[in-house]
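Nothing in this text is a laboratory measurement; each read-out follows from the coordinates by a stated rule. Here the structure is a predicted model, which is why all the values come from computation and not from measurement. Note that we place each Cβ from the backbone using ideal geometry, even for glycine, and neighbour counts take in every protein chain shown.
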Amino acid sequence: EVPVTLLEGLKRLEYRGYDSAGLALLNDSKIVTVKTIGKVANLEKRTAEQVGLELKNGLGIAHTRWATHGFPSEENAHPHLDSTGCFAVVHNGIIENYQVLKKHLEDQGVKFASETDSEVLSHLIAQCYNGDLFDAVAGALKKVTGTYAIAVISSKHPGVMVVARCGSPLLVGVGSDEMFIASDAAAIAGFTRQVIYLNDHDIA
């Protein structure tokens, strides 16, 4: 089950410390997000209430966060969506030029839902989208200065996840008929032993 896998991965990384957690699931070509302040246990309870834990196929992304831009809140928790709700992003790292990017996007009418630096990524990806999710992520990252490990899903591409890294760790776990991504091998150790470590500026 996708939610169970995501939640288990987050639990294995709780030792890092965090103040909020969230996940996004792609089911029937629609992105559903669940976010909470506090422990992963809170997220698990809310996920069971909102969407259930039985979703077997499909894609999901999840993340825990320490507040760096904006207070701990559900709005500031990951994942972040674009204005249309078609693109969801989790991001580990810091976007150093986010204020410039945010102002540019706001000048074009983009409304932001959070105070985070990470949210600019979802809006940039939406802006760069021209039918190909990989190209949209690559185009958005060309505008970004900073560090990132990101994972992106889109309701426009139900079978695709795009990931990228620069200065923050990211690895791909190879399973049988399934793939995993994580910032730490501990998160996926129970699911696969075959791991590919991405290099800086890799997109997969």
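Note on the chain: lysine pairs with Cα distance below 14 Å, sequence gap of 8 or more or different chains, count 8.
For GLY146, the amide hydrogen comes within under 5 Å of the amide hydrogens of GLU96, counting only partners 5 or more places away or on other chains and with H modelled in the peptide plane. Across GLY60, GLY17, GLY139, mean-square fluctuation computed from a Gaussian network of the chain (C-alpha pairs under 10 Å connected) peaks at GLY17. Taken over segment 26-153, the alpha-carbon convex hull comes to 106 cubic angstrom per residue.
Size of segment 15-63: Rg and Dmax of its alpha carbons, in Å, are 11.1, 34. Each eigenvalue of the Cα gyration tensor of segment 104-177, multiplied by 5 and square-rooted, gives one semi-axis; in descending order these are 23, 16, 11 Å. Relative to the longest principal axis of the Cα atoms of the chain, helix 40-50 runs at roughly 90 degrees.
If you plug the beta carbon distance of LYS56 and ASP184 into 1/(1 + (r/R0)^6) with R0 = 22 Å, you get a FRET efficiency near 0.30. Multiplying the residue separation of GLN108 and ALA48 by 0.36 nm and subtracting their alpha-carbon distance yields 17.8 nm.
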